[in-house]
1. Residue by residue through region 105-132, note down the ones that are assigned to a loop (DSSP other than H, G, I, E, B) and within 23 Å of residue 55 (Cβ to Cβ).
2. Looking at region 24-54, which of the residues that are among the aliphatic types (A, V, I, L, M) and either touching a Lys or Arg at 6+ places or on another chain (Cβ under 8 Å) or part of a loop (DSSP other than H, G, I, E, B) (or both) is nearest to residue 103 (Cα to Cα)?
3. Could you check region 70-104 and list, in sequence order, the residues that are in a helix (DSSP H, G or I), among the hydroxyl-bearing types (Ser, Thr, Tyr) and within 14 Å of residue 12 (Cβ to Cβ)?
4. Is there a residue in region 67-90 that is without any contact (Cβ under 8 Å) to a residue 40 or more places away in the chain, β-branched (Val, Ile, Thr) and within 23 Å of residue 121 (Cβ to Cβ)?
5. Tell me whether region 4-18 contains one or more residues that are without any contact (Cβ under 8 Å) to a residue 24 or more places away in the chain and assigned to a loop (DSSP other than H, G, I, E, B).
6. Of the residues that make up region 77-84, is at least one under 21 Å from residue 40 (Cβ atoms) and crowded, with 19+ Cβ neighbours inside 10 Å?
7. Within region 22-56, work out how many residues are crowded, with 17+ Cβ neighbours inside 10 Å and among the small types (Gly, Ala, Ser).
Amino acid sequence: MPKPTKEDADLILKLFSTAINDELYQEASRWFFIDFNETNFDKFIKENPLGSQGYRYFSRVVTYAELVSTFVVAEVLSEDLVYDMWGDMEWKKAEPIVKGLRTQFGIPRLYENFEVVAKKYPEWAENHPPKV
């Protein structure tokens, strides 16, 4: 992918600004990164049915990751900036629930850009060693 541009920087700033100014996203993000550790889809759905706070939180976080990833896949946003800032966006944490949702709703492409971008991260990380 080409070197990040000023347009990439502007877009990532808009995405970041949207995230930090979205109170629900902030709550959801805290929940996802601190409290959420479920790997069993059936248990997750039983404890967090459609419309519940946990379900809304999960959806908010993975939908945001999908949005960012869609821009990366479409080459509208530099993957270097996204990976450098957010890494794989915790795909492994979301994966079992996302795969269960795909089956439950019959939408095999649900959050697929999130998955595509996250699965490319290890190769990117290998080619971009830590700076410190």
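Rule-based calculations on the coordinates, nothing more; no lab input. As the structure is a prediction and not an experimental result, all values here were calculated from the model. As a convention, Cβ positions derive from the backbone with ideal geometry for all residues, glycine included, and neighbour counts pool all protein chains shown.
1. 106, 107, 108, 109, 110, 111
2. The residue in question is 50.
3. Within region 70-104, 70, 83 meet the criteria.
4. No, there is no match, as no residue in region 67-90 is without any contact (Cβ under 8 Å) to a residue 40 or more places away in the chain, β-branched (Val, Ile, Thr) and within 23 Å of residue 121 (Cβ to Cβ).
5. no
6. Checked region 77-84: no residue is under 21 Å from residue 40 (Cβ atoms) and crowded, with 19+ Cβ neighbours inside 10 Å.
7. 3
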